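Okay, structure first, notes after.
Bear in mind these aren't lab numbers, they're just calculated from the coordinates by the rules spelled out. Source: prediction; values computed, not measured. Using ideal geometry, Cβ is built from the backbone for each residue, glycine included, and neighbour counts are taken over all protein chains shown.
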Amino acid sequence: MTIHTPTVLVTGASRGIGAATAIAAARDGFNVAINYVKDADAASSVAQAVARHGRKAAIIQADVGKPEDIPRMFQEAEQQLGPLTALVNNTGITGPIGPFSRTTDATIERVFQVNVFGAIQCARAALACFERSGYGGVIVNVSSVAARTGSPGEYIHYAASKAALDTFTVGLAREVATTGVRVCAVSPGTTLTDIHATAGEPGRPERIAPKIPMGRLARPEEIAETIVWLLSPAASYMTGTVVQCAGGL
């Protein structure tokens, strides 16, 4: 069996970095499975952008924080687009910004369920897809500069979840290196997405920008370019590494 067109599943692809990644991947020749949780209209807009690049799109509602949704998401992606050759674990949440002492158990559990357990379970499902196809594959996990800074006073629990994802990336990459599967991560700095408003501080970009050596926040498209490069043959000898894309931090 020959896989004529590479196919990537991008979680959390209806907005922000995920949407930019889906569109950039289509530009680079991928068919794209667009996962979303709530905003079907936004996912549809991303699908239209994928189609404008001449590629196929599948729109799949699923919450990676719900283990029962994950097998269905992968099944629907393959039913609509054929064998998967790549996964971008992009979905991530922070919970409210604030001191760790005020962070609730429910917030911590939800953040780890989505950012860590969901990503791990998606990676395991992707490995099963790659094994069935026999053509290897690529997994790119979207981490955060918070894994290195710790994010004191903001969301330490989120930073810890991303540090766990970095360790998972390295371990899984080394475990599957001989199978033709590559696993990397991209660690973005603060990026101009609505994650800040969702966390309760829409003005955070303006507060953070002066602390970044480059003096500005990233655009989602800049992070997406790093992700799709790791998906490409140009990165064929890259695995088990976390690429920093953080403006100098």
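Before rounding to the nearest 500, sum -39500 (n - 2.57) across all DSSP H runs of length at least 4 in the chain and divide by the residue total; then give [θ] at 222 nm in deg cm²/dmol.
One gets -13000 deg cm²/dmol as the mean residue ellipticity at 222 nm.
Any idea how far the Cα center of the stretch 116-180 sits from the one of the stretch 1-58, in Å?
Rounded to whole Å, the Cα centres lie 20 Å apart.
Give me Asp39, Asp166 sorted ascending by neighbouring Cβ count inside 10 Å, so fewest comes first.
With the fewest neighbours first, Asp39, Asp166 line up as Asp39, Asp166.
What distance in nm separates the simple spin-label points at Arg124 and Tyr237, each placed 7 Å from Cα in the Cβ direction?
The modelled label-to-label distance comes out at 3.4 nm.
Among Thr241, Val116, Ile60, flag the residue with its Cα farthest along the positive direction of the charge dipole of the chain, charges on Cβ as +1 for Lys/Arg and -1 for Asp/Glu.
Thr241
Simple spin-label model, 7 Å along Cα-to-Cβ: Glu175 to Ser101 in nm?
3.9
Which residue, Val64, Val37, Val116, tops the fluctuation ranking in a GNM of the chain built on C-alpha contacts under 10 Å?
Val37
Scan the chain and note any complete DSSP helix (H) whose C-alpha atoms cover at least 15 Å along its axis and whose Kyte-Doolittle average is 0.0 or more.
Membrane-span-like by this criterion, though nothing is claimed about a membrane: 16-27, 40-52, 119-133, 156-176, 220-231.
With a/c under 1.5 counting as rounded, go ahead and sort the stretch 54-113 into rounded, prolate or oblate using the C-alpha gyration tensor (a ≥ b ≥ c being the square roots of the eigenvalues; past the cut-off, prolate if a/b is larger than b/c, else oblate).
Here the stretch 54-113 falls in the prolate category.
Using only the alpha carbons of the stretch 142-238, determine the length spanned along each of the three principal axes and report them from longest to shortest in whole angstroms.
45, 26, 24
Figure the gain on full extension for Arg219 and Glu131 (residue separation times 0.36 nm, minus the Cα-Cα span) and round it to one decimal in nm.
Taking Arg219 through Glu131 to full extension adds about 28.2 nm, to one decimal.
With +1 assigned to the C-beta of every Lys and Arg and -1 to the C-beta of every Asp and Glu, and no other charges, what is the dipole magnitude of the chain about the Cα centre in debye, to the nearest 20?
That gives a dipole near 320 debye.
Less than 22 Å apart at the alpha-carbon level, and either on another chain or at least 8 residues along: which lysines does that give for Lys56?
The reachable lysines, counting only those whose Cα sits under 22 Å from Lys56, are Lys38.
Roughly how compact is the stretch 5-86, stated as its Cα Rg over 2.2 N^0.38 Å to two decimals?
The reported ratio for this selection is 0.95.
In percent, what relative contact order does the chain have, based on Cα pairs under 8 Å that are 6 or more apart in sequence?
It comes to 19 percent, rounded to a whole number.
When N is the residue count of the chain, what does its C-alpha Rg come to as a fraction of 2.2 N^0.38 Å?
0.95
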